[in-house]
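The values are calculated or read from the model by the stated rules, or taken from the named source; none is laboratory data. Predicted model only: the values in this text are computed from it and were never measured. Neighbour counts are summed over all protein chains in view; Cβ atoms, including those assigned to glycine, are modelled from backbone coordinates with ideal geometry. Ligands, DNA and RNA are stripped out before the accessible areas are found, and what is left, the full protein with its side chains, is counted by its heavy atoms. Shrake-Rupley method; radii C 1.70, N 1.55, O 1.52, S 1.80 Å.
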Amino acid sequence: MNLMRFDPYREFASLPDRLFGAPRRNEREDEMYMAAWAPPVDITEDKDRILITAELPGFKEDQIEIQTENGMLTLRGERKFEKEIDGKSYHRVERAYGQFVRSFSLPNNVDREKIRANFHDGLLQVELPKREDARPKNIKISSGTESKKAETIDVQAKK
């Protein structure tokens, strides 16, 4: 049994497609519309990396898929509804079930070959390290009185 939340706004947004035969959405947009829920995420950045942290309580590593393609990072998974047991009735179901899909545009300064993910205590952390050449650098300027070589500039990586 797969519970789906009714979203009247989503139905309203698809009305022009049905009425006027608007062009079909791409596959990624279809996935987003089909998703029953989306885990909350925090995105932080420092000089060396961008960190995406998603809350996925009750999941195991093998239930989560992380993919990069065409400049996008996509998180996918599914929380299945517990099987009904004879004699057991539900009085309230507030937890979200079904598929989720979250996609994020990858900035150009991310080193896509070094992306890493860690999952612990229901938190998925995806680390997006910045490329070395995209990190800030200090440029030392020499004065003309110190040396006749005004064109000497010392470029060092910021530490």
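Considering only the range 70-87, state which residues are under 21 Å from Ala38 (Cα atoms) and of a type in the set (Lys, Arg). The answer is Arg76, Arg79, Lys80. Of everything in the range 61-70 that is without any contact (Cβ under 8 Å) to a residue 24 or more places away in the chain and open to solvent by 70 Å² or more (accessible area, probe 1.4 Å), the residue that is nearest to Asn108 (Cα to Cα) is Asn70.
Among the residues of the range 82-101, the ones that are closer than 17 Å to Asp62 by Cα and open to solvent by 30 Å² or more (accessible area, probe 1.4 Å) come to 1 in all. Highlighted here would be strands (runs of 3 or more DSSP E) found entirely within the range 53-118 that include at least 3 residues which are modelled with pLDDT under 95, among the aliphatic types (A, V, I, L, M) and over 16 Å from Val41 (Cα atoms), but there are none.
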